[in-house]
């Protein structure tokens, strides 16, 4: 077993070298994924799949290598001794956790999941195009079966869904999310109902030239922290952010001349990018050098998209610039009317188009269905009916077809059960961070109104970004906000905002 001699700490160094190779394989896979969504020609899909599969096999082999286990054990002991670096212990701790999960899931199950996803994706695409759940049903049944097998690899979990959650939100449990989401739903439903009784502001008329939107979004991104020599913005069918490294951040957007959705997509994705770019450089190419969880990551994007991007203060600075670019379309729209138009609350069928007040209800619906599928209390064949019933109960909407119902998201075709809850967690955490930032930065609104995003960016960097994975999600939230996960700050923020906008 590798060990330390004469204070030279070879185990810690060797562990870092092994983890750096794993990080590099992940970065190359990420780069290939970005290229697939932005630049790759259509006929490149098959060879790209082979390349990605090879990289994933290599990464998995390195992750379960017995040598890595020996290095972790030796580095853990070494981290308790004299001369240890502050990050040695957390690096070893997180490496142990990652390796434990990788080794608990048999390689044949990993391969089976990869094959099931390769078959499910085109089936989902066809089913969605034809609005026919039956075409996707056998593939979802297979994905649920495989995820139950993954859950069975963690028999100590209090609920089988906990094992799936842990891949995306370490430490979260089904029981805790049920409680938090019940509180969130209890606050959101009556708020949405009250808003629905008030007159709805008119939507923006447009058109808004896409070139002008791109230029304005880039100005905003630069104000947030986008650096021309370390970032880029491209187009994609589904907007996303991908950090290949702290100094190589890729964000994408999708544009529409009828509204400003592309601009909000940029704010959202730059929020993700700022998280990765703000991690302590000392953590580069280690297990700690990325976001701590999907929920915390989502809190960064939602903060910039919603609490900042849909605030009156933010647009006090940016609206005159928008008018310069879209003068004819905004000439008769005053700032207050514009602000109301970008904050319309209107229950809708599609999650990614949902407004700030109803979005989490879409996520809670998916969480409830996923838990039931893994428990076996809901058959895959009954998913469309269960989906439609919950849409009716939570949002008062009748679902006209499968395409705009249970087939709208790609996640289940990829077997990503356990992912959806992190979207609502991101909103909740964003609410907590926003309340804490405003309390500690009394001049925040004035700064945003002057076009200065640095105070908030720097506050988030100090309290969230710099830590990477040094802290567990619950510890990070507690330190940054002074409380455990709590939906009340988000509900307070939404009530205050929409009471003013809708004269509730």
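The values are calculated or read from the model by the stated rules, or taken from the named source; none is laboratory data. In this text the structure is predicted, and so the values were computed from the model without any measurement. Because the Cβ atoms are built from the backbone with ideal geometry, glycine has one as well, and the counts that use them run over all protein chains shown.
If we scan the range 155-164, do we find a residue that is modelled with pLDDT of 95 or more and more than 26 Å from residue 428 (Cβ to Cβ)?
yes
Find the strands (runs of 3 or more DSSP E) located wholly in the range 220-272 whose residues include 3 or more that are closer than 23 Å to residue 290 by Cα and without any contact (Cβ under 8 Å) to a residue 24 or more places away in the chain, and list them.
Here the list is empty.
Conditions (1) within 27 Å of the chain's Cα centre (by Cα); (2) without any contact (Cβ under 8 Å) to a residue 40 or more places away in the chain; (3) outside any helix (DSSP H, G or I), marked per residue:
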| site | (1), (2), (3) |
| --- | --- |
| 12 | no, no, no |
| 20 | yes, no, no |
| 36 | yes, yes, no |
| 43 | no, yes, no |
| 53 | yes, no, no |
| 101 | yes, no, no |
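Would you kindly identify the helices (runs of 4 or more DSSP H) lying entirely within the range 418-502 that contain at least 3 residues that are within 28 Å of residue 195 (Cβ to Cβ)?
421-440, 444-449, 488-502
Please pick out the residue among 401, 409, 445 that is closer than 30 Å to residue 166 by Cα and either touching a helix residue (DSSP H, G or I) at 6+ places or on another chain (Cβ under 7 Å) or touching a residue at least 24 places away in the same chain (Cβ under 8 Å) (or both).
Within the list 401, 409, 445, the selection yields 409.
Go through the range 55-76 residue by residue and tally those that are part of a helix (DSSP H, G or I) and over 28 Å from the mean Cα position of the chain (by Cα).
Final tally of qualifying residues: 11.
Of all residues in the range 395-415, how many are surrounded by 19 or more Cβ atoms within 10 Å (Cβ to Cβ), in a loop (DSSP other than H, G, I, E, B) and modelled with pLDDT of 95 or more?
Final tally of qualifying residues: 5.
If you take the residues of the range 75-93 that are more than 19 Å from residue 21 (Cα to Cα) and buried (at least 19 other Cβ atoms within 10 Å of the Cβ), which of them is modelled with the highest pLDDT?
76
Return a yes/no flag: does the range 57-64 have any residue that is touching a helix residue (DSSP H, G or I) at 6+ places or on another chain (Cβ under 8 Å), under 26 Å from residue 154 (Cβ atoms) and without any contact (Cβ under 8 Å) to a residue 24 or more places away in the chain.
No - not one qualifying residue is present in the range 57-64.
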